[in-house]
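Participant: Sending over a structure as structure tokens; questions will come in a sec.
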Amino acid sequence: MAAQEDGSSAGSAVRGSWGTKVTAVVAAVMALPEGAKCLLFSQWDEMLALLAKALEANGIAHRRLQ
């Protein structure tokens with residue numbers, strides 16, 4: 001389920017409270033077909049660390065390269 005019109009993640013299938021941007025990224029990854037792969041880029045190491053925690057909390061396997 002997508003975010004609400006007000007930008008909140010109420011009703012989202014994403015577990016945890018990550019903020020609207022991270023929640024949107026995790027929701028998009030969760031919406032990919034089973035077995036699909038994707039690359040997530042950020043110039044901010046802290047954002048990649050937060051995304052890794054959010055992906056882990058939602059049972060999404062991932063690898064992180066620095």
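Participant: Using the Karplus curve 6.51 cos²θ - 1.76 cosθ + 1.60 with θ = phi - 60°, what ³J(HN,Hα) values do you get for each residue of segment 46-52, in whole Hz, with x for Gly and Pro?
Facilitator: 4, 5, 5, 5, 5, 4, 4
Participant: Taking H placed 1.01 Å from N in the peptide plane, check which residues at least 5 places from HIS62 or on another chain put their amide H under 5 Å from its amide H.
Facilitator: Amide H to amide H, under 5 Å and 5 or more residues apart or across chains, HIS62 pairs with nothing.
A short reminder: the numbers here are calculations on the coordinates, not readings from a lab. Note that this is a predicted model, so its numbers are computed, not measured.
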